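Reviewing the structure listed below.
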């Protein structure tokens, strides 16, 4: 598992999606044909919406999963902490500081927007903190690797008897 067949027309976005699949341990196919003659915004946003919706659908009622996970991932000078709760309630707090306005062909601002959109559409709580980092490529790559490892940890089955909640259900 962890195979990726990805083509968005945005090299850095493709690279991040490959990281998500490989380190998350799930197969991912994304073929996007957007209005790149304008900019990368719509394509990136549409991929994030679709990915988040697919995650939400795959999680189903979330019964039996670990639900929570956190990872701190280094990549050279960068150090990123990600924590998630697959609660069914969307929330995001993304504290990343990119030193350059672009990460390859991807505007730095779209990296944050993509993470927020995935969290909203997947109905998960997502916290991202940059503990160190000076290179925008390393910062975003470590972020997606940490998110992927969190997803891998949080979706593992730990108890098949019900939802991981004292309420007995995970709902909004």
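Any read-out appearing in this document is the output of simple, stated calculations on the displayed coordinates, not a laboratory observation. What you see is a predicted model; the values in this text were computed from it and never measured. A quick note on method: Cβ atoms are made from the backbone with ideal geometry, for glycine too, and the neighbour counts reach across all protein chains shown.
Would you point out which residue out of 59, 86, 20, 106 is within 25 Å of residue 138 (Cα to Cα), in contact with a strand residue (DSSP E or B) (Cβ under 8 Å, 6 or more places away or on another chain) and surrounded by 15 or more Cβ atoms within 10 Å (Cβ to Cβ)? Don't jump to the end; show me each part of the working.
Numbers: 59 fails: within 25 Å of residue 138 (Cα to Cα); 86 fails: within 25 Å of residue 138 (Cα to Cα); 106 fails: in contact with a strand residue (DSSP E or B) (Cβ under 8 Å, 6 or more places away or on another chain).
After ruling out the rest, the residue left standing is 20.
Would you point out the residue of region 118-157, among those that are assigned to a loop (DSSP other than H, G, I, E, B) and touching a strand residue (DSSP E or B) at 6+ places or on another chain (Cβ under 6 Å), that is nearest to residue 26 (Cα to Cα)?
For region 118-157, the residue satisfying everything is 155.
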